Amino acid sequence: MVPPKKTPDPTDAELATVVLFDTPGHLLRRAYQVAEDLYMQEVGDAGPTPRQFAVMLTIYQNEGLNQQDLVRLTGIDRSTMAEMVGRLIKRGWLKRRRTKHDQRAYALSVAEEGQAALRACAAAVERAQERILAPLPPARRAEFVDSLQILAGTGRKDGEG
């Protein structure tokens, strides 16, 4: 049996004009998948994931951060951050201690084993970043990164010096 044709919806004309491969959200998701694949090819399964690397590097560069600061600096949501920090502590890559100012909060630091993991994958992470940008002409790479920073809310606004 052939299903009956549905009555055309007035929004169908709008949907017919949407080109998925011209939508920034879809392209960003696809680009992220490519970036993550390249990262994993370079770093491997034994190293930190891209988000773990971001968390550990941020803590390494800002020892004593609490999880709330870490959420703000990395853009990773609180519940995911709590789980990730717990896993990194169990793995021996992070340490936490109560802060002097607020006994409810924990200050985070990268354990020696975590520092070794960061050092071991630093060159691979750099290679992954180079491979991510490789399809772009060299003259467009800095502008591309600037644009990503603006979109992510971590860079200067367009027109700022």
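The calculated pair-distance distribution of the chain uses every alpha carbon pair, bins of 5 angstrom beginning at 0, and gives 1, 7, 12, 15, 16, 13, 10, 8, 5, 4, 4, 2, 1, 0, 0 percent. One chain, two ends: residue 29 and residue 78. Fully extended at 0.36 nm per residue, the span grows by 15.5 nm beyond their Cα-Cα distance. Only one residue of 50, 18, 108 has its Cα farthest out toward the positive end of the dipole of the chain, where Lys and Arg carry +1 and Asp and Glu -1 on Cβ, and that residue is 108. Among 76, 150, 132, the largest mean-square fluctuation in a Gaussian network model of the chain, built with springs joining Cα atoms closer than 10 Å, belongs to 150. GNM remark for the chain: springs join alpha carbons under 10 Å apart, and the peak mean-square fluctuation among 38, 136, 94 falls on 136. Note on residue 16 and residue 68: the extension gain reaches 14.4 nm, defined as 0.36 nm multiplied by sequence separation minus the Cα-Cα distance.
Per residue of the chain, the DSSP helices (runs of n ≥ 4 H) give a summed -39500 (n - 2.57) that works out to -19000 deg cm²/dmol at 222 nm. With R₀ set to 45 Å, the beta-carbon distance separating residue 123 from residue 147 gives a calculated FRET efficiency near 0.95. So which GluC sites (Glu not before Pro) in the range 25-71 pass both tests, a DSSP loop state and at most 14 other Cβ atoms within 10 Å of the Cβ? Of the GluC sites (Glu not before Pro), the ones in loops of the range 25-71 whose Cβ has at most 14 other Cβ atoms within 10 Å are 63. Out of the trypsin sites (Lys or Arg not before Pro) in the range 50-91, which ones are loop residues according to DSSP with at most 14 other C-beta atoms within 10 Å? Answer by residue number: 91. Working from the Cα coordinates of the range 54-101, the gyration tensor eigenvalues give, after taking √(5λ), semi-axes of 14, 14, 11 Å in decreasing order. Electrostatic tally near residue 37: other residues with Cβ closer than 14 Å to its Cβ, Lys and Arg +1, Asp and Glu -1, net +1.
Please find the FRET efficiency linking residue 136 to residue 109, where r is the Cβ-Cβ separation and R0 is fixed at 35 Å, and quote it to the nearest 0.05.
Numbers: r = 36 Å, r/R0 = 1.04.
That gives a FRET efficiency of 0.45.
Among the trypsin sites (Lys or Arg not before Pro) found in the range 92-161, those both in a DSSP coil and sparsely packed, with 11 or fewer other Cβ atoms within 10 Å of their Cβ, are 100, 104, 156, 157. Rounded to the nearest 20 debye, the dipole size of the chain about its Cα centre is 720 debye, using +1 on the Cβ of Lys and Arg and -1 on the Cβ of Asp and Glu.
Sequentially through the range 36-42, phi angles give Karplus couplings (6.51, -1.76, 1.60; θ = phi - 60°) of 5, 4, 5, 4, 5, 4, 7 Hz, Gly and Pro residues having no value and appearing as x.
Taken together, the values in this text are just the output of simple stated rules run on the coordinates, not laboratory data. It should be emphasised that the depicted structure is a prediction, and the values quoted were computed from it without experimental measurement. Cβ: placed from backbone, ideal geometry, glycine included. Neighbour counts: every protein chain shown.
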